[in-house]
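Okay, so here's the structure we're looking at.
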Amino acid sequence: MIENVDLSLVDWSRAQFALTAMYHWIFVPLTLGLSFIIAIMETVYFRTGKEEWKRMTRFWMTLFGINFAIGMATGIILEFEFGTNWSNYSWFVGDIFGAPLAIEGILAFFLESTFVAVMFFGWNKVSRKFHLASTWLVAIGASLSALWILVANAWMQNPVGMTFNPETARNEMTDFWAVLFNPVAIDTFSHTVTSGFLLASVFVLGVSAWFLLKKREEWLAKKSILVSGIFGLASSLIVAFTGDNSARTIAEHQPLKFAAFEAHYNGKSNAGLVAAGILKDSDQKLGEKTKKDFILKIEIPGFLSIMTGGNKDAYVPGIEDLLYGNAEETKILSVVERMERGKYAREVLMDYKRARMTNDEEQGNIIKAMFNAKDFIDNYFRYFGYGFLNKPEDAIPNVSIAFYTFHLMVMLGFFFILVCSLALFFSYRGIITKHKWFLWILIISVPLVYIASQSGWVLTEMGRQPWIIQDMMPVSAAVSQIGAGSVITTFILFAVLFTALLFAEVSIMAKQIKTGPKH
Amino acid sequence: MITLISYSFLQSYWWIIISLLGALLVFLMFVQGGQSMIFSLPANEKQKSMMVNVLGRKWEFTFTTLVTFGGAFFASFPLFYASSFGGAYWVWIAILFSFIIQAIAYEYRSKPANFLGRKTFDTFLFINGALGPFLIGVAVATFFTGSQFSLNFMNNVQWANHWHGLEALLDARNVALGLVVLFLVKCNGSMFIINSVNDEDLINRSVRKLIVNAVAFLVFFLFFVISLLLSNGFAVDNVTGNVAMEKYKYFFNLLQMPVVLILFLAGVAGVLYGLIITIFRGSRKGIWFSGAGTVLTVFSMFLVAGFNGTAFYPSTYDLNSSLTIRNASSSLFTLKTMMYVSFIIPFVMWYIWYAWKAISRKKISEEELSGEDHVY
C-alpha cells in the first residue's frame, strides 16, 4: 500500500504545502497584531473625539487592508491542500481534524470578514459606536480564527482525544475538550498569537521610525510608537514566557524534536543549554545520517536539565538514547522498539482486513476487540506510525534546520524585548527623535521580526518530521496518489503567483507609506 | 434526549447543512457573475468603477462561504474531502487558483504602484468570475454523473485515469451544469448591480445583458434538468449498502420526496419571477426573488443527490466505492459535536444580514464613491 511510495511525490507535496504555509504566514501575523493596534487607536479616538486619532487609525487601517486580502488568498489554499495533496491523511484523521477547520469558518472567519467590511466602508454609514465595535470584532475574529487553526495543528503535534476504528480504518474523535485543551494547543496558541502581536508592533515601530527620520507626520509617528511600544513590550514578554512553556511541552511530547533543536545527541545529567553555536558535520554517522558537531558554542551549564527536569541532576535524553534506547537512564521507549510495536499493530490491522474480506466473522470480532483494549492501544497502536519507518534513523528530523531556526528565533525574541523597552523608554522621555541610530534599529527590526516569525514555523513543522501526525502517521503514508509531475507543476504555478502577489503587496504597501495618511 | 439522536439522523442533518451552504455559495457567486462582465458591461471607466465597488463590498462573503463550505464538508463527510480533492486534483486546483487571484484583485486594482497594473487585476476578476462558477458547476455535476475512482481497504482513493478530474469536461451534462451555474450567476450579478447602483445608463446596460444571459441560462438549465430526470442514477441498497444503477433514479427521487419537489419548483419559480419583473417590469428588486430561488433550487438539487438512498459522489469505475452520506460521514460523536456548533449558524446569518444592510444603506453612485476613502 504505502511501501512503494514515490519519494519525489512526497517531497514535492511537502514543498508545496511549505510554500503555501510560509507565504500565508508572511501576512497573517501582521493581521493578527495590527487589528488590535488599530482597535486600540480607534478606542482612543472614540473616547477623546480627536480627529488626529481617527486619521491615524485610518492610515494603519489602509495598510491592514492591503495585507488582509493576500492573507485570505493564501489561507484558502492551505485548507484545501489537506484534501488535494494529503488525502490519505484527510481520511485517516478527518474525523478529528475537520472539526476545528469547520468551526473556524463558522465561528471565527465569518466574524472577521463580515466586520472587516463594516470597518472599511462603515465610517460614514454606521454610528461611531457600531464602527468601534466592528473594529474590535475584526481583531477578536482574527485571533479566534488562529485559535481553531492552531488547535488543529497542535493535534498533529500531539494527537489526543480519539480512538482507532479498524472498520473504517480511521481515527475517530471521542473527546472534543481533550482536543481543544490539548496542552500543546494552549502553548501553541498563546505563543503564536502573541508573536503576531509582537510582529505587528515592530512593523508599526519601524514605519513610524521612518516617518521620524524623514521628519514627517511627527505627531502620528510618536503616538504610534507609544501604542505599539506598550503593546509590543507586553507581547514580547508573553512570547518569551510561552516559548519557554512550549519548549517544555515539546520535551515531553516530542523528545526527538527537542533533542534536535539543541543538537543534543548523547543524553546526560547536568546538561547545558546551548545559547548559541555553529554546527559542522562530524565524522560519525547514525545510519546514513551524519552526526553534527559544534565548531563553537556558548553554553549555560546545567540549564537544559533544570529546564526539562526541574533540577541539575535530571537526565536529558539525546537523539541516540531516543533511537536506540537507554534503559538505565530513561524510561522512554526507543524508536527501535517502537518500530516493532508499530509493525505489529499494522499486522493486526491487516489481519482484521483479511478476516473481513474472507467473511471470517469470529476472527474479525476477536481482532476488533483488541482495538478497544487498553493494553493494545497504549502499548502498540500508539506507535502505529513507526510501523511505516524502514530504519530508526528515519525518525530524526533535520538537526541543522531545527537547531538554527530555534536559536535564531530565541535570540531575536530577546532582541525585540530590548527594542520595545527602549522604544517605550525614549518615547516616554520624549527624546526618541534625538537617537537616530535607534530609529534605524527600529527600521532594521522589521525584516528581522519576519525572519524570527518564519523560523518559528519552520522549526515547528520541520522539527516534527518524519511525522504528519506525531507517532501515528509519517508524511509518506499521508500523501495523495497523484503524479509527482502534477504536483511539480502546481508548485511552480503557486510559487510564481505568490511571488508576484508578494511583490505587488510590498510595492503597494511601500507606496502607501511614502504617501502617508490622507486628508 | 440528545443521546437518542441517531447516527442516520445526524448524517442527514449534516447533508442538509452542506446543501444549504452550497446553495448559499451559489447565490453569493453573483459576485463572480458580475466580475465575468467586467469587460463587457460598463460603457466607461466610471461605470466600471461603480460596478467593481458594488461587487467588491460583497466579495468576502462569497469567499468566506466557500471556505466554510470546505471546512464543513471536511468535518462532516471527510471521505468526500479525501476522495474528491485528492482525486479530481486538477479541477479543484483550478478552482482554488481562480479564487486566489480574486482575493487580492479588488484591494490592489486601483492602488498606486500595484506592480502588475490595473488591467491585470481586472483580468484576474474576469477569470475568477468566468472560471470559478463554471468549474464549480462541473464539479457538482459529477455528483450526478460520477467519477472514475476506487477506494482500497484503507479507504484511500485511487483515481482511475491520469486526467485527475479534467476528464469531467468530456461529459456534456457536466459542461451543461457548469454553464447553468455560470449563466445563473451572471443573471444574479446583473440584477444585483441593478439593485445597488444609482446610474440609469449602467442599469439599462445591465438589463440588456440580463436578457441574453437569462436565455442562455434557460436553455442549458432545461437541457441539464431533462437529461438528469431521464438518466440512470446511483441507488444504494438500504440493507447491504451496495450501489447499483437505477433507471430514472433522480426523477423518482423528486416524486418520492414531495417536499424536495416543492422546494425545487418554488426555487425555479423564484428565479423566473426575478428575471421577469426585472426584464419586463423594470423592477430593481429582482435579485431578491432570484436569489431566494437560487438558494432553494440548489438546495433541492443537493438533496436529490444525497437523499432517498442515493450515492452523492458516485464512482462509475467501481460502483461500490461510491460515497453515500452513510459511508462517507464522520463518526457519531463528531457529527453530534458539530451539530451543537451548527446551532450558532442562525446567529451568524443574522449578524451578516445586519452588517450587510448597515453598509448598503446608500445606493452606489459617483457621488457616493467620491465621498468614500476605501475605494476599489
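May I ask for the net charge around B:Ala141, where only other residues with Cβ less than 11 Å from the Cβ of B:Ala141 are counted and Lys, Arg are +1 while Asp, Glu are -1?
0
Using a cut-off of 15 Å between alpha-carbon atoms, which aspartates and glutamates can reach A:Lys268, once sequence neighbours fewer than 8 places away in the same chain are excluded?
Straight-line reach from A:Lys268, under 15 Å: A:Glu299, A:Asp313, A:Glu320, A:Asp321, A:Glu328, A:Glu329.
Return the aspartates and glutamates within reach of A:Lys222: Cα separation strictly under 14 angstrom, same-chain partners fewer than 8 residues apart disregarded; answer none if there are no such residues.
By straight Cα distance, A:Lys222 reaches A:Glu52.
So for chain A, averaging the separation of alpha carbon pairs under 8 Å that are six or more residues apart and normalising by length, what relative contact order in percent results?
Contact order relative to length: 20 percent.
Counting only Cα atoms, I'd like the Rg/Rh figure for the protein assembly as shown, Kirkwood definition for Rh.
0.98
Using the Cβ atoms and a cut-off under 13 Å, what net charge is assigned to the surroundings of B:Ser8, where Lys and Arg are +1 and Asp and Glu are -1? Don't jump to the answer; show the numbers that get you there.
On the way: positive: B:Arg326, B:Lys336; negative: none.
Summing Lys/Arg as +1 and Asp/Glu as -1 gives +2.
Suppose R0 equals 51 Å. What FRET efficiency, 1/(1 + (r/R0)^6) with r the Cβ-Cβ distance, do B:Ala43 and B:Phe9 give to the nearest 0.05?
Efficiency computed from Cβ-Cβ geometry: 0.40.
With a point put 7 Å past each Cα toward its Cβ, work out how far A:Leu296 is from B:Lys362 in nm, to one decimal.
Each label point is offset 7 Å from its Cα along the Cβ direction, giving 6.5 nm.
How many percent of the alpha carbon pairs in chain A exceed a separation of 36 Å?
38
If you average over every viewing direction, what projected area does the convex hull of the Cα atoms of chain B give, in nm²? Before the final figure, lay out the partial values.
Values: hull surface 77.7 nm².
If I average the Cα hull's projected area over directions, I get 19.4 nm².
What list of ³J(HN,Hα) values in whole Hz, one per residue of the range A:338-349 in order, does the Karplus curve 6.51 cos²θ - 1.76 cosθ + 1.60 (θ = phi - 60°) give from phi, with Gly and Pro shown as x?
Coupling constants for the range A:338-349: 4, 4, 5, 5, x, 5, 4, 4, 5, 4, 4, 5 Hz.
A:Phe303 versus A:Ser282, label points 7 Å from Cα toward the beta carbon: distance in nm?
That separation, rounded to one decimal, is 2.2 nm.
Within 13 Å, Cβ to Cβ, of A:Gly364, how many net charges do the neighbouring residues add up to if Lys/Arg are +1 and Asp/Glu are -1?
-1
Counting pairs of alpha carbon atoms under 8 Å apart in space and at least six apart in sequence, what relative contact order in percent does chain B give?
Working: 584 pairs, mean separation 92.0, N = 376.
Relative CO of chain B lands at 24 percent.
Please compare each pair in B:Lys249/B:Lys285; A:Lys214/A:Lys518; A:Lys50/B:Lys357 to a cut-off of 26 Å on the Cα-Cα distance and tell me which ones are over it.
Working: B:Lys249/B:Lys285 37 Å; A:Lys214/A:Lys518 17 Å; A:Lys50/B:Lys357 28 Å.
Going by Cα-Cα distance, B:Lys249/B:Lys285; A:Lys50/B:Lys357 fall outside the 26 Å limit.
Here are some pairs, A:Lys297/A:Lys331; B:Lys46/B:Lys111; A:Lys285/A:Lys331; A:Lys129/B:Lys111; which of them have Cα atoms lying more than 22 Å apart in this structure?
Among A:Lys297/A:Lys331; B:Lys46/B:Lys111; A:Lys285/A:Lys331; A:Lys129/B:Lys111, the Cα-Cα distance tops 22 Å for A:Lys297/A:Lys331; A:Lys285/A:Lys331; A:Lys129/B:Lys111.
Where does the range A:268-316 land on Rg/Rh, using Cα atoms and the Kirkwood Rh? Display every interim value, and only then the final one.
On the way: Rg = 12.8 Å, Rh = 11.7 Å.
Reported Rg/Rh (Cα atoms, Kirkwood Rh): 1.09.
If the convex hull of the alpha-carbon atoms of the range B:145-273 is projected onto planes in all directions, what is the mean projected area in square nanometres?
11.3
Taking A:Lys353 as the anchor, which lysines have their alpha carbon closer than 25 Å to its alpha carbon, excluding any fewer than eight residues away along the same chain?
The qualifying lysines are A:Lys343, A:Lys368, A:Lys374.
Can you list the residues, at least 5 places off or on another chain, whose amide H is less than 5 Å from the amide H of B:Phe77, using H built in the peptide plane?
Residues meeting the criterion, in which the H sits 1.01 Å from N, are B:Ser330.
In chain B, which whole DSSP H runs stretch at least 18 Å along their own axis (Cα) and average -0.5 or higher on the Kyte-Doolittle scale?
B:7-28, B:59-76, B:89-109, B:118-145, B:172-196, B:200-230, B:258-281, B:286-306, B:345-359
Quick check on the protein assembly as shown: helices-only [θ] at 222 nm, where DSSP H runs of length 4 and up contribute -39,500 (n - 2.57) each and the sum goes over total residues. Nearest 500, please.
-23000 deg cm²/dmol
Mind listing the Cα extents of the range A:209-293 along all three principal axes, in Å, largest one first?
61, 27, 22
Quick one: 3J(HN,Hα) in Hz for the range A:11-26, Karplus 6.51/-1.76/1.60 with θ = phi - 60°, rounded, Gly and Pro as x.
Each residue's phi maps through the Karplus curve to give 5, 5, 5, 5, 4, 5, 5, 4, 4, 5, 5, 5, 5, 4, 6, 6 Hz.
Measure nothing fancy, just the Cα-based angle from helix A:128-157's long axis to the longest principal axis of chain A, in degrees from 0 to 90, nearest 10.
Relative to chain A, helix A:128-157 is tipped by roughly 20 degrees.
Can you work out the FRET efficiency for the pair B:Ile226 and A:Leu497, with r the C-beta to C-beta distance and R0 = 41 Å, to the nearest 0.05?
With R0 = 41 Å, the Cβ-Cβ based efficiency is 0.55.
Please compute the average number of Cβ atoms from other chains found within 10 Å of each residue's Cβ in peptide A:492-505.
Numbers: counts 0, 2, 4, 0, 0, 3, 1, 0, 4, 9, 1, 3, 11, 6.
Across A:492-505, the average partner-chain Cβ count within 10 Å equals 3.
How big, on average over all directions, is the shadow cast by the Cα convex hull of the range B:94-187, in nm²?
Mean orientational projected area (the range B:94-187, Cα hull): 8.1 nm².
Indicate, rounded to the nearest 5 percent, the antiparallel portion of the DSSP beta bridges found entirely in the protein assembly as shown. Mind showing how you got there, number by number?
Values: 27 of 29 bridges.
Antiparallel bridges: around 95 percent, rounded to the nearest 5.
No value in this document is a laboratory result; all are computed from the given coordinates. Model, not experiment: these values are computed from the prediction. Quick reminder, even Gly has a Cβ in these numbers, built from the backbone with ideal geometry, and neighbours come from all protein chains shown.
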